[in-house]
1. Counting Lys and Arg as +1 and Asp and Glu as -1, each charge on the Cβ, what is the dipole of the chain about the Cα centre in debye, to the nearest 20?
2. Hey, with R₀ at 25 Å, roughly what FRET efficiency would V163 and F188 work out to, going by the Cβ-Cβ distance, to 0.05?
3. Which cross-chain or sequence-distant (5 or more) residues have an amide H under 5 Å from the amide H of L25, H modelled 1.01 Å from N in plane?
4. May I ask you to derive the relative contact order of the stretch 250-382, considering only C-alpha pairs under 8 Å and at least 6 residues apart, and to give it as an integer percent?
5. Report, by chain and number, residues whose modeled amide H sits under 5 Å from the one on T61, excluding near sequence neighbours (fewer than 5 apart, same chain).
6. For S141 and K253, FRET efficiency with R0 = 25 Å and r from the beta-carbon atoms, rounded to 0.05?
7. Rounded to the nearest Å, what's the spacing between the alpha carbon centres of the stretch 259-275 and the stretch 393-452? Just the number, please.
8. For each pair in K369/K402; K137/K253; K137/K375, compute the distance between the two Cα atoms and list the pairs where it is over 24 Å.
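Just so it is clear, none of the values below were taken in a lab; they were calculated from the coordinates. Note that this is a predicted model, so its numbers are computed, not measured. Cβ: placed from backbone, ideal geometry, glycine included. Neighbour counts: every protein chain shown.
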Amino acid sequence: MTENEQIASGVLAALENSGGRPSLLRAYNCMTRLRLSFDEAAGIPDGLADAIAGLPGVLGTNASGTELQVILGPGKAESVTAALNELLAASAPATSEKKSAPENAATPDDRPQIGDGKALHAKIRAKNATPVKLFFKRIASIFIPLIPGFIACGLISGCLNVVAKVAPDVTTGPLFQLLAIAGSTVFFGMNLLVGRNTMEEFGGTPVLGAILGALLSHPNLAHVTLGGEALVPGRGGIISVLLVAMLASQVEKQVKRFVPEALSLFVTPLVTFLVSSTVAILVLQPIGGALSDLIGNTATGSIAAGGALTGAILGGTFLPMVMLGIHQTLTPIHAELLARYGVTILLPVLAMAGAGQVGASFAVYCRTKNTRLKKIIASALPVGILGVGEPLIYGVTLPLGKPFLGACVGGACGGAVQAAFGVGAATLGISGLPLAAATDNIPIYLLGLVCAYIGGFVATLIIGFDDPIETTDDPSSLSERV
């Protein structure tokens, strides 16, 4: 049995032991996490998060509403999810009764406790789960399946940028040109992919979203004149596609209500496509174009005008944005900038927040006397450097409090460097050291990364923190150093 299969078996056992198997709705994954979605009435079973967090190979857990996220890292999340779904399909639902949490858990107080970050984060996210934020979370989920494509194409484009600067003569060769085409492929098909995913997310027929996205970027639109003006293929980019696909999903639902079932196969897609495409060409594409221009000009203009100051503000406030859940609003902005300019200048700036957290956590490692905390940091730092920051934020900086502020300072330092030099990234979905290969200025990106590390490290040493230590009675419990 492989390590991933062992993790999947452990997750299944934890589900059955906690009584959560019957209320599990589905198990799926994003780039770095296995996501377990539970029935709203039942919620996440007591003790399940801790049981899964203790499995070898699991980097941590995070509860978000009725969803338990198991942090595994890139690649491993997909493999474990596939193995778990096989086990779920092959075994009968568990019938064991749900276990209650131990009655006499440690008495809560205001002293720092390792692991409290997950509960605090869940409380903050639940308090801020407004309809607007939940809507943007749905929008962000449209782009999550596209991330592997962005990574593949972005890394190709980034490497080609390096090669072009080192050896300009090779840019005219057929191999370079073919690779350049490969690097731009995700942008060539983005409207179709976004249209399909949007329709699926909002309950419509995915292929209708795909053909609507294709319609808006069809080159022959340039030959059509309406109101004395020629139509512009691709106007509004993915913003227009999002708008028309969301509209089409609602149109389709309404059409199905009135069309007889015997005719639905023929009438529903035809009416949905004709109505949605007409509204798209006449109304939504112009609106999308205006919004696209606004997003592009605002993002580039603010960084161009504000430079290092803007970068410091964005890099320093990104971690609090993540804690509040409002970072979801940035995903379509990244995608729009990629479609419009080929790079997003926001991602390198925001990625510095994770780098600041690495520096802050290393400062804690150097100062703490807590052996358990040292082990947590030692295991989480390598993945933090690779851009997976959840173990550090939930296991170290957030529960200790002050190091979280130090991490924000580090993010501000690195963000200032990235914005001052206008570093762009040809991908989304990755950060940390791996993002360097997809940027258009690798040396400056690495300089900003180092500045974020140092800034987070120094700021945390200056701010300090209350060092938790193990008590003599129970090594797993922590009390404040005096």
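1. 540
2. E between V163 and F188, to the nearest 0.05, is 0.70.
3. S37, F38, D39
4. Relative contact order comes out at 17 percent.
5. Counting only residues 5 or more places away or on other chains, the set is I71.
6. Between K253 and S141 the formula returns 0.80.
7. 50
8. K137/K375
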